[in-house]
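Remarks on the structure that follows.
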Amino acid sequence: MIPPFEYKIPNTIEETCDLLWKAKGKAKIIAGGTDLVIGLRNGDQAPSVIIDITRIEQLRKIEEKNSTLSIGATVTHSEIASSPSVRKYGKVLSDAASEIGSPQIRNVGTIGGNIVNASPAADTLPPLMVLNAMGRVISKEEERQVPLAQLFKGPYQTQLKPHELLVQISFQKLHPEVKSSFVRLARRDAMAIARMNVAVVFQVEQSRIKDIRIAVGSVTPTPQRMSGAETFLEGEKLEEKLLKKASLKVSETMIRQSGIRPSTSYKQPVVEALFIRAMKKALEE
Amino acid sequence: MNMRQVGIEIPKVDVLEKALGEAKYGADLPCQEPLHLKVLRSPTSHAKIVRMQMEKALRVSGVERIFTAKDIPGKNLVGTIVKDQPILASDRVRYIGDAVALIAARTEEAAEEAAQKVVVVYEDLPSIIHPEEALHPHAPLIHEKGNLLLEFHVIKGDVQKGFKEAEVVVEETYTTTWVDHAYLEPDAGISYLDEKGRITIVCPTQNVHYDQKEVASVLSLPLDQVRIIQCSTGGGFGGRLDVTIQCLLALAAFHLKQPVRIVYSREEVFQVTSKRHPLTIRYKSGAKKDGKLIAIEVDILGDTGAYASYGGTVAIRSAVHATGPYQVPNVKVRSRMAYTNNSWSGAMRGFGVPQMAFAHESQMDLLAQALKMDPIEIRLKNCLRVGSETATGQTLTASVGIGETLKKVKEWRDKLSLLKDDSKKPFIKKGVGIGSMWYGIGNTGIANPSTAQMEIDPDGEIRLFTGVADIGQGSDTVLLQIASEAIGVSLDEIRLIRADTAVTTDAGATSASRQTYISGNAILDAIKNLKHSAIQEASQLLNIDENDLFFENGKVKSRTCLTTSIPLREIAKRCAKILKGEGSFDPETTKLDPQTGQGVPYATYAFATHLAEVEVDTESGKVSVNRVIASHDVGKAIHPQNVIGQIMGGVAMGTGFALMEEYVPGEKTSFVNYLIPTSKDVPEVIPIVVEDKEPTGPFGAKGVGEPALIPSAPAILNAIAEAIGQRIYDLPANLERVLGAVQKRKLA
Ligand SMILES: Cc1cc2nc3c(=O)[nH]c(=O)nc-3n(C[C@H](O)[C@H](O)[C@H](O)COP(=O)(O)OP(=O)(O)OC[C@H]3O[C@@H](n4cnc5c(N)ncnc54)[C@H](O)[C@@H]3O)c2cc1C
């Protein structure tokens, strides 16, 4: 049984910050509720106030400003998947959004919720990490910009303080010649959390790899950039053999972060294969 | 015969109310100010109950009463055959989820709060997790009579001699795991005293008359003081053959004398309702060079969990079906079912046959491979036909359509364009696999009668009474079709009264794919008797000799005078009484010999063959089933759409059984972590209906409910084996197992 709570529906960011401040850590924000309600139901969460942020217009926008693209925290996965500007300037993200859950989940689940819930398997996180996305966080005390990669402390844990609100995510628009892709594996074809998800972004100049960014989700406590593999590939000539070697760097990082577990014998070859697949897919697109 | 009602496309009779959301399922039932019930359950898998303290819980505002085993006036044990499962545990719990107390409160919240405040002190006992462990001589006992629920053998010919003559022998061990029925709605219902003071329970169920007996026994009441009414039921698949909420509701209503209501959560359904039996099957097959099977030796060990439920039934049925739909002269099968402290296993679509089909169909492909034969050819060579003798010594005399289902599938396969692997995706391997099955209709070698009544009252209303529970599979429609065809009036002229113990008689369970065949026949018998009494009455009314009268299209007619005819309704009206026909049917079977399993377990069998086309991602182990060609001998499709619906659903369930469904007691809690296929995971299905008429069936019909599921997983597993060149022996073929097999193949 879900314990009783107050339900607040603020219309502005300021109001929200006030409510959060007054609640002294006893409030929970609700956006789509697709993670929170499960937590309420199984008793993991028992807030005395729930603050619904879906009526705040400012949080619902996708905006282009010069070379950046910003996405409001309550923009839904469906909106991201179908947004022409995200598809143009951050296809790796719109591709990921289009594969989340099911139409019902994508219609209500938000990018802000996906980030703050901080699941190791969250599908938008590897893309956001390869996009070097920044989060804008506001509270009664301050307003700050955080590189998204620094937001995560551990599985389902972020650096956000209980009275802080994530308002927006922004990243530098990708140039048309930039290659990118998202690859995902799950136990079934819909409504299943990712067993693994990989995002890559890179450029090819005179058949050499440039500005490569690789992020893998679901295999480490928080989604990770694979810096070992990135450094290894940077400036190298794109060849099958090289990719194979780089894939070993990816699995090495995974094992270093998560240790050897019963599932490692499965995950190791698969993460290597999916990384190579993501690279090839990026080249084809 | 030119039929008007049978074999035609008509909407199911319940389709509108369901499409419009008007049908009342358990949680929708109207009930005036009920008390809400909540069950307190054991958190541990095996323990003694040292003491229980209720004081704090009773002090929760709104709590009316807390029941324990002491409050049960009758027998505190239920079970379909062996009664060993308590309604509320008295001194001991045997699995995580055993009920220990039942709370009745004015609100659900209060009931839940009280449940948390009951203190139960347990003293842990050693738990048994594996059935092999359970059968060790010194294993701790889960039930006093021992940990072996049942051992059953099927012995025919001489297997030793058979294997000596065999030119190729394959032997492997197969395992399967727990599967949840995943029916649509969590169990929910209400109980109250009806106008006659009877304890009345309205709930989803597959068998109202069985529920009635259990409730009467628990409350120590005469049968007629208990009334069970089935509400709209979103599937059962065997999970609603055992009592779920019935006795809990009844116990509370009995003591409190006011309406009560219970609604399980999905988590509760996962934890406390039955599961498919995990079986370990050691299977040795021998064949001659030409592919003819000469001997099989099979050892089956099953896990019934904490309670018997249908464990015995599954042990026997899996042994009887061990050969698959093939003639084998020498057979030795041992089948054992053991108790453990796992979740209890029970009936689930197929009663062990889906597990056995996985084993025997893998064996057939292994033999074909060893003999370099085509998988369909080897099956055609061995399949049962009219005149064949089964492993239990039964000679099949008619309606053996397995060969035809194989031929239909072969036509398809031969048309399939050669499977070319995609050069762009070299890691995707494609494969095609075949799975066949046979399935005995009705209970195994025991009586399983059904009864029915058909009547016409002087006002002209025509009524059909049946105890059959329609759980969504469509028996209401099919039984009405059979009745309207036989009596010669249109379907909407007949009022159906069903599945209420106060007004209908025992039709047995909606299980074992039996209701079309057995209850369909009971209805035909009722109509035969109704016609007879109509002729008798007409003879008096018309003053014509009975022998000159006959029945046709809803009328009694004279053979000699072509203009003399009197409609049924007219007869009832003119003689001013209800014309009634009582009917019953019990298929002709014999008891199986306790030592050798020989006998006639079923009057008829259904047969089927599936072909599955799969793609295996050899880098991740992900399998996609692209298409299943499903060919079924159903005798006669009374309602073709229903038959196709069963086939579609069966393939979906079979896909889950093959690839992802895997219940783990204490770990899998709900649909969050127990995965079943979604619409994106189920293959395209091409159903093929073969009608090899069963002479004893109503209009030739047999059954299709369980057969629909059985061949899918074997076909999918055989297709995976073909795709990757390595076989998987354990279900489900999840990501890890498939990748493991790919790696094994690489090493080889
Ligand atoms: C059936 C099902 C399938 C799913 N499939 C997938 C999948 O395939 N891939 C995937 O990645 N996820 C999946 N999810 C998880 C979930 O849908 C996503 O994580 C979704 O993006 C969460 O967004 P929401 O708006 O619903 O979050 P909510 O549930 O509303 O919130 C989640 C958490 O974030 C906090 N929060 C939300 N917004 C803010 C904000 N702006 N500032 C600060 N805190 C905030 C909330 O307090 C809460 O703790 C699935 C969930 C379900 C139920």
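The values are calculated or read from the model by the stated rules, or taken from the named source; none is laboratory data. All of these numbers come straight from a predicted model, not from anything done at the bench. Cβ coordinates were reconstructed from backbone atoms using ideal geometry, including for glycine residues, and neighbour counts include every protein chain displayed. Just the protein is used for accessible areas: all its heavy atoms, side chains included, with ligands, DNA and RNA removed. Shrake-Rupley method; radii C 1.70, N 1.55, O 1.52, S 1.80 Å.
Shielding by partners for A:231-241, please: the mean number of other protein chain Cβ atoms within 10 Å of each residue's Cβ. Walk me through the numbers before you get to the answer.
Working: counts 0, 0, 0, 0, 0, 0, 0, 0, 0, 0, 0.
For this peptide, the per-residue mean of nearby foreign Cβ atoms is 0.
Rg/Rh for segment B:620-748: what does it come to with C-alpha atoms and Rh from Kirkwood? List each step's numbers first, then the result.
Numbers: Rg = 17.1 Å, Rh = 16.1 Å.
Ratio of gyration radius to Kirkwood radius for segment B:620-748: 1.06.
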Check your understanding: Kirkwood Rh, segment B:182-310, all Cα pairs: how many Å?
Key -> 17.0
Study note, to complete from the structure: Note on chain B, DSSP bridge orientation, antiparallel percent to nearest 5 equals 75
Review point. Out of B:Ala522, B:Ala483, B:Ile535, whose Cα points farthest toward the positive end of the dipole of segment B:449-585 (charges: +1 Lys, Arg; -1 Asp, Glu; placed on Cβ)?
Key: B:Ile535
Study note, to complete from the structure: Compactness check, chain B: C-alpha Rg relative to the 2.2 N^0.38 Å globular estimate gives 0.99
Point to revise | Separation in nanometres of the label points that stand 7 Å from Cα toward Cβ, at A:Gln159 and B:Ala370 | key: 6.4
Exercise for review: Along each of the three principal axes of the Cα atoms of segment A:6-52, give the extent in whole Å, ordering the values from largest to smallest.
Suggested key: 31, 21, 13
Point to revise | Additional length obtainable on full extension of the chain from B:Glu493 to B:Asn626, 0.36 nm per residue less Cα span | key: 43.5 nm
Exercise for review: Straight distance only, please: which lysines reach the Cα of B:Lys83 with their own Cα at less than 23 Å, same-chain residues fewer than 8 apart left out?
Suggested key: B:Lys48, B:Lys70, B:Lys75, B:Lys145, B:Lys213, B:Lys275, B:Lys591
Review point. Using θ = phi - 60° and the Karplus curve 6.51 cos²θ - 1.76 cosθ + 1.60, what whole-Hz ³J(HN,Hα) does each residue of segment B:120-133 get, with Gly and Pro shown as x?
Key: 10, 9, 10, 10, 4, 10, x, 9, 10, 9, 10, x, 4, 4
Check your understanding: Going by average Cβ neighbours within 10 Å, how do the peptides A:59-69, B:173-183, A:212-222 rank, with the highest at the top?
Key -> A:212-222, B:173-183, A:59-69
**Study point:** Alpha carbon convex hull of segment B:563-655, volume per residue in cubic angstrom
**Key:** 247
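Taking the Cα centre of chain B as origin and charging only Cβ (+1 Lys, Arg; -1 Asp, Glu), how large is the dipole, in debye to the nearest 20?
It works out to roughly 940 debye.
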**Study point:** Overall Cα dimensions of segment B:110-226, principal axis frame, Å, largest first
**Key:** 71, 38, 32
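State whether segment B:449-585 is rounded, prolate or oblate according to the following rule on the C-alpha gyration tensor (a ≥ b ≥ c being the square roots of its eigenvalues): a/c under 1.5 gives rounded; otherwise a/b larger than b/c gives prolate, and the remaining case gives oblate.
Working: a/c = 2.34, a/b = 2.11, b/c = 1.11.
It is prolate, given that a/c is not under 1.5 and a/b is the larger ratio.
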Review point. In nm, to one decimal, how far is the A:Val37 label point from the B:Glu552 one, both placed 7 Å along Cα→Cβ?
Key: 6.3
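Taking every residue in B:614-621, how many Cβ atoms of other protein chains lie within 10 Å of its Cβ, on average? Each step should come with its number before you reach the end.
On the way: counts 0, 0, 0, 4, 1, 8, 12, 6.
Mean shielding count: 4.
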**Study point:** Max mean-square fluctuation residue, GNM over chain A, Cα-Cα springs under 10 Å, options A:Asp95, A:Asp123, A:Asp189
**Key:** A:Asp189
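State the volume of the convex hull built on the alpha-carbon positions of chain A, expressed per residue in Å³ and rounded to an integer. Don't skip to the answer; put the middle values down first.
Values: hull volume 37.2 nm³, N = 285.
Once divided by residue count, the hull of chain A is 131 Å³.
How high is the relative contact order of chain B, given as a whole-number percent (alpha carbon pairs under 8 Å, six or more residues apart)?
Normalised by residue count, the contact order of chain B is 15 percent.
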Point to revise | Threshold 40 Å², segment A:247-285 residues less accessible with all protein chains present than alone (1.4 Å probe) | key: A:Tyr266, A:Arg277
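Taking both sides together, what accessible area is buried at the B/A interface, probe 1.4 Å, expressed in Å² and rounded to the nearest 100? Show your work: numbers first, answer last.
Values: alone 28580 and 14040 Å², together 40790 Å².
Interface between B and A: roughly 1800 Å².
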Study note, to complete from the structure: Rg (one decimal) and Dmax (whole number) from the Cα set of segment A:1-117, in Å, equal 15.3, 49
Point to revise | segment A:163-232 versus segment B:401-417: alpha-carbon centroid distance in Å | key: 47
Point to revise | Three principal axis lengths of the protein assembly as shown [C-alpha, angstrom, descending] | key: 103, 76, 69
**Study point:** Inter-part distance where segment B:170-190 and segment B:550-590 are each reduced to a Cα centre, Å
**Key:** 46
Point to revise | Viscosity 1.002 mPa s, 20 °C: Kirkwood-radius Stokes-Einstein D of segment B:308-365 over Cα pairs, µm²/s | key: 174
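Could you tell me how many cubic angstrom of Cα convex hull volume segment A:179-284 has per residue? Could you put the intermediate results ahead of the total?
On the way: hull volume 9.8 nm³, N = 106.
Measuring per residue, one finds 93 Å³ for the Cα hull of segment A:179-284.
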Point to revise | Portion, in percent, of the accessible area of the protein assembly as shown that falls on carbon or sulfur, probe 1.4 Å | key: 50
Point to revise | Cα-Cα pairs of segment B:1-103 separated by more than 22 Å (percent) | key: 57
Study note, to complete from the structure: Taking B:226-232, B:636-642, A:229-235, A:151-157 and ranking on average Cβ neighbours within 10 Å, highest first, one gets B:226-232, B:636-642, A:229-235, A:151-157
Practice item. Express in whole angstrom the spacing between the alpha-carbon centres of segment B:1-28 and segment B:623-642. Key: 20
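When ligands, DNA and RNA are left out and all protein chains stay put, how many square angstrom of accessible area per residue does chain A have with a 1.4 Å probe?
Working: 13110 Å² over 285 residues.
Per-residue value: 46 Å².
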Check your understanding: Looking at the protein assembly as shown, what % of its DSSP beta bridges pair antiparallel, to the nearest 5?
Key -> 80
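Once you keep just the Cα pairs under 8 angstrom separated by 6 or more residues, what percentage relative contact order results for segment A:179-284? List each step's numbers first, then the result.
Numbers: 166 pairs, mean separation 28.0, N = 106.
After rounding, I find 26 percent.
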